[in-house]
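Here the structure is laid out as structure tokens; the discussion comes afterwards.
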Amino acid sequence: MRLLAFALALLLQAQDKWEKDIAAFEAKDKESAPPQGGIVFVGSSTIRMWKVKESFPDLPVINRGFGGSEIADSVKYADRIVLPHKPRLVLLFAGGNDINAGKDPEAVFGDYKAFVKKVHDALPKTKVLYLSLYPNVARAAQVEKTTKLNALIEAHAKTDERLGYIDIASKMRSAEGKPRPELLLKDGLHMNPDGYALVSGIVKPFLAPAK
């Protein structure tokens, strides 16, 4: 019985892995609700660590990144942290943790399409941008898989004007095709302030309201 109870506890813990983070977002929204019709950044730690309000001070940006998450997590919680804001634009960065966990690019691509569907089922006019996975030192062995995922999403984004793909990978790769450690933290995985400055400059034109 004790073993069964322990197993159930572990299962519930796994299922509720992000509940604390998601509940914190909801509590923050109740205290001071962001304006609707803005731009929601969602995804893994690259989003969570991004000081988007400093990077885009003239835009109504909302950060809903939760570190360590996979695209499937953003699908699961979209109705709690994305859809309530009724954004005109969603920027998603995730997929690297998925591949690191053993998923193949096709499976991750399927999760991406599920995220897009969930957003568009509720908000058919909202544009969904995907920020490409970028080369890094810590997961250099996975570059073929991440490159394939980028290619799948880039091609798919061309099939719907409500989708977009932002290439940062090419700018974060050296002339020799290697990661640029000067843009990364000491962990060799996440961007440092120079990396975020570079990426923010690339991303900003995509966030401007349509004229």
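Every number here is computed from the coordinates shown, using simple stated rules; none is lab data. Note that the structure is predicted; figures quoted are calculated from it, not measured. Neighbour counts are summed over all protein chains in view; Cβ atoms, including those assigned to glycine, are modelled from backbone coordinates with ideal geometry.
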Checklist entry - Consider G201 against the criteria (1) of a type in the set (G, A, S); (2) closer than 25 Å to G37 by Cα; (3) in a helix (DSSP H, G or I); (4) under 17 Å from the mean Cα position of the chain (by Cα): it satisfies all of them except one. Which criterion is unmet? => result (4)
Item to check | Odd one out for T126 among (1) surrounded by 22 or more Cβ atoms within 10 Å (Cβ to Cβ); (2) polar (S, T, N, Q); (3) within 30 Å of A33 (Cα to Cα) | outcome: (1)
Checklist entry - How many residues does the range 149-179 contain that are over 16 Å from A94 (Cβ atoms) and crowded, with 18+ Cβ neighbours inside 10 Å? => result 2
Item to check | For F41: the one exception among (1) assigned to a helix (DSSP H, G or I); (2) buried (at least 17 other Cβ atoms within 10 Å of the Cβ); (3) of a type outside the set (G, A, S) | outcome: (1)
Next on the checklist: One residue is enough: does the range 182-193 have a residue meeting the conditions farther than 25 Å from K51 by Cα and either surrounded by fewer than 15 Cβ atoms within 10 Å (Cβ to Cβ) or in contact with a helix residue (DSSP H, G or I) (Cβ under 9 Å, 6 or more places away or on another chain) (or both)?
Outcome noted: no
